[in-house]
Amino acid sequence: MARELLKGNIAMAEAAIRAGVEAYFGYPITPQTELLEWMSARMPELGRAFLQAESEVAAINMVYGAACTGARVMSSSSSPGVSLMMEGLSYIAGTELPVVLIDVVRGGPGLGNIAPSQGDYNQIVHGGGHGDYHPIVLAPASLQEAIDLTVLAFDLAEKYRSIVIVMADGNIGQMMEPAELPPMQPLKRTRPEWAVTGALGRERRILSSIYIKPEEEEITNLRLLERWNQIKANEIRWKGYYLDDAEIVVIGYGTAGRVALSALRQARAEGIPVGLFRPISLSPFPYQAIAELAGKAKAFLVVEMNTGQMLEDVRLAAAQRLPVEFYGRLGGVVPFPDEILSEIRRMHSEPLTITDDPRPAWMRRLKDILKQEVN
């Protein structure tokens with residue numbers, strides 16, 4: 001199909017529709033509201049279910065109920081709205097249901113603001129509802145990737161009976177660029193053998209996250225862990241740029257990775273041997289690939305739109321084998337390529353050492369930048 005000019009939220013909504021989503025439940029919250037609005041028009045005209053719930057808590061529990069039927073279901077929200085969904089997500093994980101959630105991340109903590117941020121990393125990748133479970137988390141850096149990962153999310157959810165979260169920062173949700181939508185898929189005609197579809201003529205099926213006996217809960221958790229190990233073996237995704245001869249490797253996802261790529265190209269033009277590693281699956285995280293890079297490069301620079309949440313995963317993978325530096329912007333501020341380029345130049349010209357935590361030095365540099373901006 002031909003490429004067309006699309007807005008991120010609408011592109012992800014239409015991608016979900018073309019992937020065969022049968023029911024959508026959500027609640028408006030900026031910067032993802034256009035996604036819900038698009039669904040409110042398109043789903044009914046296609047004869048599919050759309051419902052604007054009274055809250056995010058209600059929306060995720062409607063998703064829970066609909067997912068029990070084996071239908072393709074989803075919701076979308078933004079950071080504080082996703083926080084309200086966490087109990088429901090834990091119930092969904094405990095019941096082993098396939099569900100897709102799109103999180104268009106905004107500034108925080110608290111109500112924060114509606115500007116793009118990556119402050120949900122810990123909440124989505126390492127946090128979430130209570131208990132032992134892991135969602136699959138995918139992070140797009142362009143509209144085309146947001147479309148493709150949304151379609152992929154439904155396939156992965158059903159393959160592993162798992163929650164799949166497309167974590168797109170507010171910049172991805174609000175930006176416009178050319179992209180190609182997939183063809184419309186037919187709706188599913190069959191339901192999986194575990195689905196509750198009415199027990200006429202067969203034994204009833206029960207779906208629940210309640211296991212009163214600890215031994216039964218332990219078996220369930222082991223089953224979830226076994227499935228997660230399969231996901232880790234098969235579903236790690238990342239993209240590399242100029243890594244063959246890179247002495248400095250910038251590591252960033254989503255918009256931060258995209259901005260870093262612009263800085264990297266300028267640095268390459270200046271003769272600096274720098275590359276970019278952009279994680280696409282944040283969960284499972286590409287630990288092994290980063291560990292291998294740590295054995296080749298001289299230093300890492302982690303770039304995020306938060307205080308260094310992915311930084312901890314990178315440092316874990318690097319295992320103190322090389323210096324790991326950090327640069328971040330906070331509260332919905334998007335870094336400029338020139339800022340990242342300055343960090344690359346600094347690392348290329350200065351001797352670097354392995355430190356316990358690179359954030360204090362970064363904070364001092366960022367404060368200097370903020371003083372210049374104010375003046």
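Annotations
- Flag: residue 201 matches the condition of being over 20 Å from residue 146 (Cα atoms) and in a loop (DSSP other than H, G, I, E, B).
- For segment 1-93, the strands (runs of 3 or more DSSP E) that sit wholly inside it and include 2 or more residues that are of a type in the set (S, T, N, Q) and within 18 Å of the chain's Cα centre (by Cα) are 73-77.
- Verdict on residue 5 being crowded, with 23+ Cβ neighbours inside 10 Å and either more than 28 Å from residue 225 (Cα to Cα) or of a type in the set (D, E, K, R) (or both): no
- Annotation note: of 358, 351, 273, 323, the sole residue that is in contact with an Asp or Glu (Cβ under 7 Å, 6 or more places away or on another chain) and without any contact (Cβ under 8 Å) to a residue 40 or more places away in the chain is 273.
- If you filter segment 113-129 down to residues that are crowded, with 22+ Cβ neighbours inside 10 Å and not β-branched (Val, Ile, Thr), you find that the one that is farthest from residue 236 (Cα to Cα) is 116.
- Subset of segment 324-375 (residues that are more than 19 Å from residue 261 (Cα to Cα) and of a type in the set (A, V, I, L, M)): 330, 352, 354, 361, 363, 366, 369, 370, 374
- Unique residue being β-branched (Val, Ile, Thr), modelled with pLDDT of 95 or more and within 21 Å of residue 7 (Cα to Cα) when the list is 114, 124: 114
For (1) outside any strand (DSSP E or B); (2) surrounded by fewer than 20 Cβ atoms within 10 Å (Cβ to Cβ), each residue gets a yes or a no:
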{"site": "131", "(1), (2)": "yes, yes"}
{"site": "144", "(1), (2)": "yes, yes"}
{"site": "150", "(1), (2)": "yes, no"}
{"site": "177", "(1), (2)": "no, yes"}
{"site": "184", "(1), (2)": "yes, yes"}
{"site": "194", "(1), (2)": "yes, yes"}
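- The set of residues in segment 315-324 that are touching a helix residue (DSSP H, G or I) at 6+ places or on another chain (Cβ under 6 Å) and buried (at least 16 other Cβ atoms within 10 Å of the Cβ) comprises 317, 318, 322, 324.
- Condition broken by residue 345, with the remaining ones in (1) crowded, with 18+ Cβ neighbours inside 10 Å; (2) assigned to a helix (DSSP H, G or I); (3) among the charged types (D, E, K, R); (4) in contact (Cβ under 8 Å) with a residue 24 or more places away in the chain satisfied: (1)
- When 77, 55, 40 are screened for being buried (at least 22 other Cβ atoms within 10 Å of the Cβ), of a type in the set (Ser, Thr, Tyr) and modelled with pLDDT of 95 or more, only 77 passes.
- Residue match in segment 288-300 (condition: open to solvent by 20 Å² or more (accessible area, probe 1.4 Å) and under 30 Å from residue 372 (Cα atoms)): no
- Of all positions in segment 91-112, none carries a residue that is open to solvent by 10 Å² or more (accessible area, probe 1.4 Å), in contact (Cβ under 8 Å) with a residue 40 or more places away in the chain and among the polar types (S, T, N, Q).
- When segment 166-175 is filtered for residues that are of a type outside the set (S, T, N, Q) and either within 13 Å of the chain's Cα centre (by Cα) or not in a loop (DSSP other than H, G, I, E, B) (or both), the ones remaining, listed by number, are 166, 167, 168, 169, 170, 172, 173.
- Search result, residues across segment 326-341 that are open to solvent by less than 60 Å² (accessible area, probe 1.4 Å) and assigned to a helix (DSSP H, G or I): 337, 339, 340, 341
- Among residues of segment 28-48 that are over 23 Å from residue 176 (Cβ atoms), those with a Cβ under 7 angstrom from a residue that is of a type outside the set (A, V, I, L, M), sequence gap 6+ or separate chain, pair up as 44/50; 48/22.
- Number of residues in segment 220-242 that are farther than 16 Å from residue 137 by Cβ and open to solvent by 100 Å² or more (accessible area, probe 1.4 Å): the value is 3.
- Those residues of segment 202-233 which are basic (Lys, Arg) and over 31 Å from the mean Cα position of the chain (by Cα), in sequence order: 202, 204, 205, 213
- Taken over segment 250-268, the residue count meeting the criterion of being open to solvent by 10 Å² or more (accessible area, probe 1.4 Å) and touching a residue at least 24 places away in the same chain (Cβ under 8 Å) is 5.
- Tally, over segment 348-364, of residues that are assigned to a helix (DSSP H, G or I), exposed (fewer than 14 other Cβ atoms within 10 Å of the Cβ) and touching a strand residue (DSSP E or B) at 6+ places or on another chain (Cβ under 9 Å): 1
The values are calculated or read from the model by the stated rules, or taken from the named source; none is laboratory data. As the structure is a prediction and not an experimental result, all values here were calculated from the model. Glycine also receives a Cβ, built like all others from the backbone with ideal geometry; neighbour counts cover every protein chain displayed. Side chains included, ligands, DNA and RNA excluded: accessible areas come from the protein's heavy atoms. Shrake-Rupley method; radii C 1.70, N 1.55, O 1.52, S 1.80 Å.
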